[in-house]
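Below is one structure; the comments refer to it alone.
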């Protein structure tokens, strides 16, 4: 199925996505998809097609597999390829100076690969490992190439009234002040960049369910910067939530 939407003298082409899924043994599932999209070229005053048509093909997959009672594995990826064009006005020659227009056709290729592993133990302790790779390559008048790799490890431990989460350079503790009624969350994150160096970003949140369908919350966070001298950014918020109608739909104020 192809749908066409016309805007002036151009039309976009959106192919209906193709999806397929199935099982992996007795404890896993997978899904794959593909989609094609693009747009036709504009026409000039003489009716000749311009160089601004585009096309992009997407495909990807995801799998979720429970390898044991404690371990879960989820890899997924997304790959795309296509091209796009435009007519650009500019300087064609310096000596002698000549201006004009030329067609810039760019080829596009990119994608990403991600993976997640989660282990939950019966001792209320679990670990999550995330890994990510993305790449993009554009070839045209101006070439562009970028690759990014990232990884993260997050651990969670529930002890008595405390719900601890930490990983890398952040730590968070959710404390049950009153069972099933009041929670206090304390956390902080440490960031670093080449411009401002290290910056500590603490935050505090309070949640109070004082009636079955009414909730009050308060949050404060702080961020320190040193881009052009010492700076401090503080944010706070207060909220109240209760049902708007008899159906139970919530409203926030």
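No value in this document is a laboratory result; all are computed from the given coordinates. Please read these numbers as outputs of a predicted model, since none were measured by experiment. Cβ sites come from the backbone with ideal geometry, for glycine too, and all protein chains shown count toward neighbours.
Tabulated results
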item	result
Dimensions (Å) - segment 64-168, Cα atoms, principal axes, largest first	79, 27, 16
Theoretical FRET efficiency, 1/(1+(r/R0)^6), r = Cβ-Cβ of residue 160 and residue 181, R0 22 Å, to 0.05	0.85
